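Novice: Got a structure for you, written out below as structure tokens; questions coming shortly.
The values are calculated or read from the model by the stated rules, or taken from the named source; none is laboratory data. On a predicted model such as this, the values are computed, not experimentally measured, just so you know. Using ideal geometry, Cβ is built from the backbone for each residue, glycine included, and neighbour counts are taken over all protein chains shown. Surface areas here come from the heavy atoms of the whole protein model, side chains and all, with no ligands, DNA or RNA. Shrake-Rupley method; radii C 1.70, N 1.55, O 1.52, S 1.80 Å.
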Amino acid sequence: MEEYNHKKIESKWQEKWQELDLYETPDNPDPDDARYVLGMFPYPSGSGLHVGHVESFAGTDVYARFLRMQGKDVLFPMGWDALHPRERTEETIPVFKDQLNSLGLSYDWDREINTSKPEYYQWTQKLFTTLFEEGLAEKKPDTVNWCPGCQTVLANAQVIDGECERCDTEVEDKQMDQWFFNITEYADELLEDLDDLDWPESTKELQRNWIGRKQGARFSFPVHDTTTRRFVVLHGYKSGPKKHFHPWLKDKLEATGNEVIVPELPNPDNPDIEEQVAYVKDNVELTEDTILVGHSLGTIVAMKLLEDLDQRVKTTFLVAPYVDTDFADGKTRGYEDTTDWEFDTETIRENAGQLINLQPADDTSISDQQYQRAKDKLGGHWETIDVNKPHAKAEIEPALFSRIGNEVSVFTTRPDTLFGVTYLAVAPDTTWIENLIEFPELGLKNREEVQNYVQEAKAKSKDESREAEEKTGVRLEGITVKHPATGKQLPVYVADYVLSGYGTGAIMAVPAHDERDFEFAKAHDLPIKQVVAPVENELDADYTKLEDPIMERAANGVITRKKDNKILVQILKMDGEDTYKLPGGRADDGETIKEALIRELDEETGFRFNQVREQLGSFAVAYSRSLEKGSNSEPHIRVKRAFLVSTEDADDGQLVSEDYEGNLRHEWMEPEEAIKNIRNSQHFHNEADIVETFINDSPSTDEGIVVHADDFSGLTSDKAAEKITEAFGEKETTYNLQDWSIGRQRFWGAPIPIVYDPQGDPHPVPEEHLPWTLPEDVDFEPTGEPPLAKSEELFERTEEIFGEGWTPEIETMDCFVDSSWYFLRYPDPHNDENFAGKDALENWCPVDMYVGGAEHAVLHLLYARFITKALADSGEIDFREPFSSLRHQGMVLAEDGTKMSKSKGNVVNPNDVVDRLGADTLRMYELFAGPFSESFDWDTDSIAGPRRFIERVWRLVHEHKPELTSVQEPPESATYMHQTVKKVTEDTTEFNFNTAISALMEARNTMHDKERVTDDSLSVFLRLLAPFAPHATEELWHEFGPGGSVHKQDWPEFSPQAVEAESVEMAVQVDGTLRGQITVDKNAEKADIIEQAKADDNVANNLENKTVTRTIFVSGELVNFVTE
RNA sequence: GCCCGGGUGGAGGAACUGGUAGACUCGGGGGAUUUAAGAUCCUCUGCUUUAGAGCGUGUGGGUUCGAAUCCCACCCCGGGCACCA
């Protein structure tokens, strides 16, 4: 017998398989049997393949081979996520490829792709232009890390302690236009479609959190102004007082106490500007208190009006202003000749008062260039505002109202706490704050102080402000806002714990129920108002379903002793167990709650207090039954109150320590201990929250029963939130997900296929000029400037194709863009008409089984899902999710449990292992080491197991010298082999390779008993093993088989009858403890089995002198005799 | 802090939907073979214990005839998010 020699076998078969094209993908797969198996493609680093890669490659390969043997048509490709400059990848890729081949992986190399090649990235660029045309790719302002020294944008990783890694200059935040993919447009779909995916639950959860959808409400807090303001609003072309946002704006302004005039300008559909100006002059009085608002054409009317006004107005808002007739859509309006388009800007500015220009973002009628000309001519203050429709033509334009009407709007996820708002806080870097500083008319009294704070806050890093001991902020003196429900005036703060980028950049602060607001309120001595009572739920039912809580006239007291700060706890014996609670009780008729508390404390503890002090708060108990005799026993909720009482307030009372025939006593306890005991007592858990709130000085953030909230008191948080939102605000949803910034100032990557015309407007590079190649005349070493900016070739190329004055985009795309669609290329990798042909996509997509590291759980997988949806919407593909099933492989750690790294010298090179022990052993070792998705520590000793196993199989076959045939099913009598087929088939389907392998080992152990091995079972066994150890099984099949490759054989099947053994072992228990084992026939009757169980010696012993009251019988498992 | 995973012999890990805990593998002990070592084969291997048994799945409670598995509270480890209102 020849020894097992992996070296000889493995290279031999790898060559043969290649010669035979064994793994060619079928061109016309059967639609029902087509399977697309894909492992995430690697980045071909210079250091070569790592043992960590091997597990996922081996797992996908086993799975692909398994499917092929099951008769599936399988697409199993591989490629390279090559972000290096081309020269270097051309050296590293062959090394990687050799390493992969040495593992015996069954890729179809005819479909290899490489993202750094123009043949690939032209389709990445096509993807970009497709998204651009769909409005999903756009350039918009974003805050970037700017290094003034290098005059360049820095990635987060290049900023070290707030300084530039290259020149140590302090890095600034700067607003710059950046390219984005608008992934947020798909936020809802990306979230909702997760439910149907066969993905690891943890990964789905990670994506859900990343998307971070939160339902809540928006509330508006009008800024208090002592004088009634007078607005004159001039509408635009084809508009009028009843059109667009005008009715809504009028309502909103009037509701906050203003006077509003919206004159109906003559001939709105065919206007004459001079006529409209004259109409306003004759019919509307413009006074020094007037706030003049013009929208669109109304801004022209306003300007002409201001030109020859003989006094000034208070403020002028120009919404979407312009100064010439060169519209973005190229059309004419018809009113162009009705005025001269000359503007006396000096007089306009003089008479306009504060001149505020509001420029709607993404305007379709007025181009950015036209706005720029208006800006140059008019001056004044300019702001960009987010609008609901381009040119601010929607019926509701909240941004307009919040600016013109001067209100602060906030987003909250807890509308139920609206009545607990005691102040507002606004982020420092908001236009609202900037305006307050800039315009004294807005009434801010401490402008200098606020300005200083804002500057400090901007200079501070995020971490600095977060880690600050106290939350900082400055009160806006002279500014108050009106609470939308109570009408009370509230102070407003600028505070850096509020983020400008989330929600509206302002918050309603509820110190009693929010940690951060609580901290801030403590630091700035602001009131804290409890509006939600925590609920102890004694019910099995969901308390939030209960209606109408009872506002109980009852109270408990937290009695503190000044000398040692201990608090008094009442200990009640209930059902023989000590139950801890606070002393207190219910009010009698005619008694106030405070009086009742004083009386109860006296009765129960012996302390007589003259008064109770500060109320700690309310709490609620949800009862499943009534505590009172005779009252209704329906489940209900009672809300009680707690007060702080100090023994200093007591008369010379004596503590009563025992009462109620020894069932009640009192004890002074350390607060911590008291909280612990109360919390552990089943009945009064909620009282601990109250004590804790007092002791720890912390807010209670849980939902509960709303209190101190007018008509809403007594509602559960859920219901109160709904009703309060309805009454005072609007429903709103926010997301954590941000748009995907794709521009990179790097050399490697696909150039963004955009060119700018001489006016600076972007245009996509037409398809015939793709690939829009990366220039070759620049150095890619980092210097500061984007490398492409220095390419003469790129600039010349652009002017040559598009004309003089045209310039190229000089950024490249994030490499995640390449990898977010690559799986669409494999089905048709050589197509030069499109990224893939329709038929090929239909044949194979989406990917049936995708395998990769959990580190890609969010970005890559989310981006790929987004791109798939975007392409589906543009009609390129007809499926909306890229990966039907997903599995993660775990990490392979070094023997010491740390990450393998060159510096630690603990890296295991897969080449060495293949060389020493063979690819089959390495594959099986990694798959056997534990569950596929879990990490494991490399263990040199344990590798011996799989190696020995293969050797044992080798010997077993050689010793038995079988004549192998391609039988489908094991012999009927070989129960163990039917069980093995079942287990290996099921486990491999589920990616449970470790248990599949252990089943194979068990089968080998069984066959090691010479009585039980047959030619047919060996044939079945080798085919089950083939996906795991492809080389060794191929060699054995070659030697003893009927000819052909083992990998072309059919996967064995099992018979469900033959899986069941003739006889089965059953456990016999007495009172749940194992006392014996019996072997019973598979068809035996229950009664007979019980008799047999009783007859067992040890069981009989244990049953002696006992009466069996119950017998538990679980077929095929156990018999349990329960005695008295 | 919040959200996910996870905690089982000396080690990796198994255990269906609540039903004999520790499959399979490594390591270790003993034996056979060998001049010897290695390899191979046989055999034992959760802990305590004299038998019989008792104790055992991070800790403490609970539900159940029966809990690694379900419930409550807590501890520890890994991952993700984080002034996200």
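Novice: At R0 = 30 Å, how high is the FRET efficiency between residue A:469 and residue A:906 if r is their beta carbon distance? Nearest 0.05 is fine.
Specialist: According to the calculation, E is roughly 0.10.
Novice: Same structure, new question: Using only the C-alpha atoms of region A:832-908, find the volume of their convex hull and express it per residue in Å³.
Specialist: About 145 Å³ per residue, rounded to a whole number.
Novice: What are the residues whose amide H is under 5 Å from the amide H of residue A:493, where those residues sit 5 or more places off or on another chain and H is modelled from the backbone?
Specialist: Distant-sequence amide H within range of residue A:493: A:424, A:425, A:426, A:476.
Novice: For residue A:898, put the label point 7 Å out on the Cα→Cβ axis and report which residues of region A:921-958 keep their amide N under 15 Å from it.
Specialist: Residues A:938 fall inside that zone.
Novice: Cα convex hull of region A:1002-1062: mean projected area in nm², to one decimal?
Specialist: 4.9
Novice: Looking at this model, which pairs from A:140/A:393; A:460/A:482; A:252/A:393; A:529/A:723; A:982/A:1082; A:1082/A:1106 are more than 23 angstrom apart at the alpha-carbon?
Specialist: A:460/A:482; A:1082/A:1106
Novice: Give me a comma-separated list of calculated 3J(HN,Hα) values for region A:280-289, in order, Karplus coefficients 6.51, -1.76, 1.60 applied at θ = phi - 60°, integers in Hz, x for any Gly or Pro.
Specialist: 5, 4, 6, 10, 10, 8, 9, 10, 5, 9
Novice: Just how large is the dipole of region A:886-960 about the Cα centre, in debye to the nearest 20, putting +1 at every Lys and Arg Cβ and -1 at every Asp and Glu Cβ?
Specialist: Roughly 160 debye for region A:886-960.
Novice: Same structure, new question: Starting with the highest mean, order A:824-832, A:1101-1109, A:410-418 by the number of other Cβ atoms within 10 Å, averaged over the residues of each peptide.
Specialist: Going by the mean number of other Cβ atoms within 10 Å, highest first, we get A:410-418, A:824-832, A:1101-1109.
Novice: Right, next: Considering all alpha-carbon pairs of region A:380-442, what whole percent are spaced by more than 17 angstrom?
Specialist: Every Cα pair in region A:380-442 considered, those over 17 Å come to 54 percent.
Novice: Check the straight Cα-Cα distances from residue A:522 and name the lysines below 19 Å, setting aside those fewer than 8 residues away within the same chain.
Specialist: Hits, sequence-local ones excluded: A:471.
Novice: While we're looking at this one, here's another question. Give me the one-decimal nm value for the distance between modelled label points at residue A:1064 and residue A:269, 7 Å along each residue's Cα-to-Cβ direction.
Specialist: Each label point lies 7 Å from its Cα, and together they span 8.4 nm.
Novice: How large is the convex hull of the C-alpha atoms of region A:904-1039 per residue, in Å³?
Specialist: Dividing the Cα hull volume of region A:904-1039 by its residues yields 105 Å³.
Novice: Quick one: net charge around residue A:200, please, counting Lys, Arg +1 and Asp, Glu -1 for every other residue with C-beta under 12 Å from its C-beta.
Specialist: -2
Novice: Using a Förster distance of 35 angstrom, determine the FRET efficiency expected from the C-beta separation of residue A:806 and residue A:324, and round it to 0.05.
Specialist: So the FRET efficiency works out to roughly 0.90.
Novice: If a paramagnetic tag sat 7 Å from the Cα of residue A:1084 along the Cα-Cβ line, which residues of region A:1050-1068 would have the backbone N under 11 Å from that point?
Specialist: Counting only backbone N, you get A:1063-1068.
Novice: For region A:934-1000, place one equal point scatterer on every Cα, skip the solvent, and apply the Debye formula. What is log10 of I(q)/I(0) at q = 0.13, 0.14, 0.25, 0.29 Å⁻¹?
Specialist: The computed values of log10 I(q)/I(0) come out as -0.53, -0.61, -1.23, -1.22.
Novice: If you build the convex hull over the alpha carbons only and average its shadow over all orientations, what do you get for chain A? Give it in nm² to one decimal.
Specialist: Answer in nm², one decimal: 61.0.
Novice: Ok, one more. Put +1 on the Cβ of each Lys and Arg and -1 on the Cβ of each Asp and Glu in region A:1-151; which of A:141, A:70, A:50 then has its Cα farthest toward the positive end of the dipole?
Specialist: Of the listed residues, the answer is A:141.
Novice: Same structure, new question: Which residues' amide hydrogens lie under 5 Å from the amide hydrogen of residue A:533, considering only partners 5 or more residues apart or on another chain, with H built in the peptide plane?
Specialist: A:705, A:706, A:707
Novice: Same structure again: Which order do the peptides A:700-710, A:849-859 take when ranked by the mean count of other beta-carbon atoms within 10 Å per residue, highest first?
Specialist: My ranking of the peptides, most packed first, is A:700-710, A:849-859.
Novice: How long are the three semi-axes of the equivalent ellipsoid of region A:242-321, in whole Å, if each is the root of 5 times an eigenvalue of the C-alpha gyration tensor, listed from largest down?
Specialist: Values for region A:242-321, descending: 19, 17, 11 Å.
Novice: Continuing with the same structure: Return a whole-number percent for the relative contact order of chain A, with Cα pairs under 8 Å and 6 or more residues apart as the contact set.
Specialist: Computed value for chain A: 12 percent relative contact order.
Novice: Ignoring ligands, DNA and RNA, what percent of the 1.4 Å accessible area of region A:996-1083 is carbon and sulfur?
Specialist: The value for region A:996-1083 is 43 percent carbon and sulfur by accessible area.
Novice: For region A:192-205, just list the computed ³J(HN,Hα) in residue order, Karplus coefficients 6.51, -1.76 and 1.60, θ = phi - 60°, integers in Hz, with x standing in for Gly and Pro.
Specialist: 6, 6, 4, 4, 8, 8, 8, 10, x, 4, 5, 5, 4, 5
Novice: List the residues, sorted by chain then number, that are 5 or more residues from residue A:752 or on another chain and whose placed amide H is less than 5 Å from its amide H.
Specialist: A:811, A:812, A:813
Novice: Expressed as a fraction of 2.2 N^0.38 Å, the rule-of-thumb size for a compact globular protein of N residues, what is the C-alpha radius of gyration of region A:434-482?
Specialist: 1.29
Novice: Assign unit charges at the C-beta atoms only (+1 for Lys and Arg, -1 for Asp and Glu), then state the dipole size of region A:376-481 relative to its Cα centre in Debye, rounded to the nearest 20.
Specialist: Computed about the Cα centre, the dipole is about 240 debye.
Novice: If each of residue A:1011 and residue A:201 carries a label point 7 Å out from its Cα toward its Cβ, how far apart are those two points in nm?
Specialist: Going from the residue A:1011 label point to the residue A:201 one covers 4.5 nm.
Novice: In region A:455-496, whose amide N lies under 15 Å from the spot 7 Å out along Cα-to-Cβ of residue A:515? List them in ranges.
Specialist: A:466-471
Novice: For region A:355-360, in order, what is each residue's ³J(HN,Hα) by Karplus, 6.51 cos²θ - 1.76 cosθ + 1.60 with θ = phi - 60°, in whole Hz (x at glycine and Pro)?
Specialist: Going residue by residue, I get 9, 10, 9, 10, 9, x Hz, with x marking Gly and Pro.
Novice: Kirkwood Rh, Cα Rg: Rg to Rh for region A:729-878?
Specialist: Radius of gyration relative to Kirkwood radius: 1.03.
Novice: If you don't mind, there's one more thing I want to ask. Using the C-alpha gyration tensor of region A:297-360, what are the square roots of 5 times its eigenvalues, in whole angstrom, with the largest one first?
Specialist: Gyration-tensor ellipsoid for region A:297-360: 22, 14, 8 Å.
Novice: In the neighborhood of residue A:1019, defined by Cβ-to-Cβ distances under 12 Å, what is the net charge if each Lys or Arg adds +1 and each Asp or Glu adds -1?
Specialist: So the environment of residue A:1019 carries a net charge of -4.
Novice: Region A:45-141: Rg/Rh from Cα coordinates, Kirkwood Rh?
Specialist: 1.09
Novice: Something else about it: Compute, for residue A:184, the solvent-accessible surface of its heavy atoms (probe 1.4 Å) with the complete set of protein chains present, and express it in square angstrom to the nearest 10.
Specialist: 50
Novice: Here's another thing I want to ask about it. Given a 1.4 angstrom probe, what's the average accessible area per residue across chain A, in square angstrom?
Specialist: On a per-residue basis, chain A sits at 46 Å².
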